1. In the range 46-72, what residues are in a loop (DSSP other than H, G, I, E, B) and touching a Ser or Thr at 6+ places or on another chain (Cβ under 6 Å)?
2. Of the residues Y66, Y33, Y25, only one is within 10 Å of the chain's Cα centre (by Cα) and open to solvent by 50 Å² or more (accessible area, probe 1.4 Å); which?
3. Quick check on my filter: what residues within the range 43-72 are more than 18 Å from S26 (Cβ to Cβ) and in contact with a Gly (Cβ under 6 Å, 6 or more places away or on another chain)?
4. For the range 30-41, give me the residue count where each residue is closer than 10 Å to N63 by Cα and either of a type in the set (F, W, Y) or not in a helix (DSSP H, G or I) (or both).
5. Every residue in the range 41-63 that is open to solvent by less than 60 Å² (accessible area, probe 1.4 Å) and at pLDDT below 95, please.
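The values are calculated or read from the model by the stated rules, or taken from the named source; none is laboratory data. None of the values given here were measured: they were computed from a predicted structure. Using ideal geometry, Cβ is built from the backbone for each residue, glycine included, and neighbour counts are taken over all protein chains shown. Calculation scope for accessible area: heavy atoms of the full protein, side chains included, ligands and nucleic acids excluded. Shrake-Rupley method; radii C 1.70, N 1.55, O 1.52, S 1.80 Å.
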Amino acid sequence: MLLAAVVAAAGCAGAPTQHVNQSGYSTAFRQGYAAGCDSVGALRPQREEARYKTDTDYMMGWNDGYSACQRR
């Protein structure tokens, strides 16, 4: 179990982080952006599927975060 936690943490350690001014965006957008950015390089996307399908702000944030961090 400890090995699985170490492997999972190592997989996320290389994920790019991008800090941008999101002060004008909703909380849902900012959360989606962070999850999208964290998904780059991860074994599985870091997103809440139900929320992605129903919350437009979260979905747009996730897509924007994934795209922006993928370019780095």
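1. Scanning the range 46-72 gives a single hit, Q46.
2. Only one candidate passes the filter, namely Y66.
3. L43 - this is the single residue of the range 43-72 that is more than 18 Å from S26 (Cβ to Cβ) and in contact with a Gly (Cβ under 6 Å, 6 or more places away or on another chain).
4. The total comes to 1.
5. Selection gives A42 alone.
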